[in-house]
Every structure is written in structure tokens, then in C-alpha cells.
Amino acid sequence: MTNKTLGQYLKNIRKSFNYTQEFVASQLDISRQAYCHYENDRAIPTNDTIYNLASLYNVSAEMLIELSLQTNNSTFRDEPAPYKAELDSFLEYMDMDNNNERYKNLTNREKHAIYYFNNISTTDQEEVLEIMQMKLRRKNRPI
């Protein structure tokens with residue numbers, strides 16, 4: 001499963017249940033085209049949709065979220081950032097001398113996270129925070 005994308009997993013499990021894309025989409029209250037984007041890794045489902053998928057297929061929502069994070073990292077990492085110029089400007093701003101003290105201990109990855117976090121909707125920010133909290137709880141859970 002570690003090399004599988006969320007889309008591949010969703011397609012395989014849907015077929016194992018003998019469900020059509022139309023049926024799954026209707027259960028999720030979305031269009032078939034939207035669901036098709038999930039199976040083709042062109043879009044990542046929202047947390048609500050992931051929880052509904054987990055319920056539909058009787059699988060762990062945490063596992064689906066993990067797959068969505070892996071898919072997001074592998075599928076979109078090498079594509080040029082849609083806001084490349086804005087990101088570059090933001091990183092330059094963070095590296096300016098008068099801001100250096102404020103941001104000097106941040107890694108480049110943390111700076112990128114701040115930029116992207118600030119450029120998504122409040123609803124998406126809440127979902128990101130929920131995922132981060134879930135990941136931290138899982139990390140700190142005794143084995």
C-alpha cells in the first residue's frame with residue numbers, strides 16, 4: 001500500500017465492492033466527475049469526503065488521510081508551484097534583514113508551509129490543522 005496513491009486505492013476498493021463511480025459519487029453527494037478526479041489523482045478529497053469514503057468502505061479514515069498526504073507529496077511535488085512568483089517574493093521577504101530575527105530559525109520547508117497556509121481558505125486551514133493534530137496524536141500514541 002505504501003507505493004499506492006489514494007486514487008489507485010479508491011479505484012481498487014470501489015471495484016472490489018462492485019460499485020460504479022456514479023454510485024460512490026451519489027453516496028458522497030458529489031458529481032461523478034469530481035469523484036473521477038479523486039481516482040485519477042487530479043484532486044484530493046476534503047476531510048469530510050474522506051470520512052464518508054471511510055464509512056462507505058468500512059476502512060480507516062486515518063489510513064485514507066495518510067494516503068492522501070502521500071499522494072499529495074508525490075503527485076504535486078515536482079509540478080511548478082502555481083504561485084511561484086508570489087512564493088519567491090514571500091521567501092525573499094522572510095529573508096530580509098529586518099525580518100531575519102523574526103524568521104531566522106525557520107527552515108525553508110516551514111517558510112513554504114506558512115506561505116501556503118496563508119493562501120488557502122479558512123476552512124482549508126482548519127482541515128490542515130486537524131490533520132496536523134491527528135498526525136501528532138498518532139506519533140505520540142504508545143505502540
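Anything in the stretch 52-63 that is modelled with pLDDT under 90 and outside any loop (DSSP other than H, G, I, E, B)? List them, or say none.
ALA61, GLU62, MET63
Mind checking which pairs have a first residue in the stretch 120-140 that is under 12 Å from THR46 (Cα atoms) and a second that is among the aliphatic types (A, V, I, L, M) and in a helix (DSSP H, G or I), Cβ under 8 Å, 6 or more apart or different chains?
ILE131/ILE65; ILE131/LEU69
So which residues in the stretch 26-51 are within 16 Å of the chain's Cα centre (by Cα), more than 18 Å from GLN133 (Cβ to Cβ), part of a helix (DSSP H, G or I) and not aromatic (Phe, Trp, Tyr), if there are any at all?
ALA34, HIS37, GLU39, THR49
Going residue by residue through the stretch 102-114, is there one that turns out to be of a type in the set (Asp, Glu), modelled with pLDDT under 80, farther than 30 Å from PHE17 by Cβ and outside the structural domain of GLN8 (by TED's automatic domain parsing)?
No; the residues of the stretch 102-114 include none that is of a type in the set (Asp, Glu), modelled with pLDDT under 80, farther than 30 Å from PHE17 by Cβ and outside the structural domain of GLN8 (by TED's automatic domain parsing).
Name the pairs: first residue in the stretch 13-25 and surrounded by 13 or more Cβ atoms within 10 Å (Cβ to Cβ), second residue aromatic (Phe, Trp, Tyr), Cβ to Cβ under 6 Å, at least 6 apart or on different chains?
Close Cβ pairs satisfying both conditions: ILE13/TYR57; GLN21/TYR35; VAL24/TYR35; ALA25/TYR35.
The values are calculated or read from the model by the stated rules, or taken from the named source; none is laboratory data. Source: prediction; values computed, not measured. Heads up, the Cβs are rebuilt from the backbone with ideal geometry, glycines too, and the neighbour counts pull from every protein chain shown.
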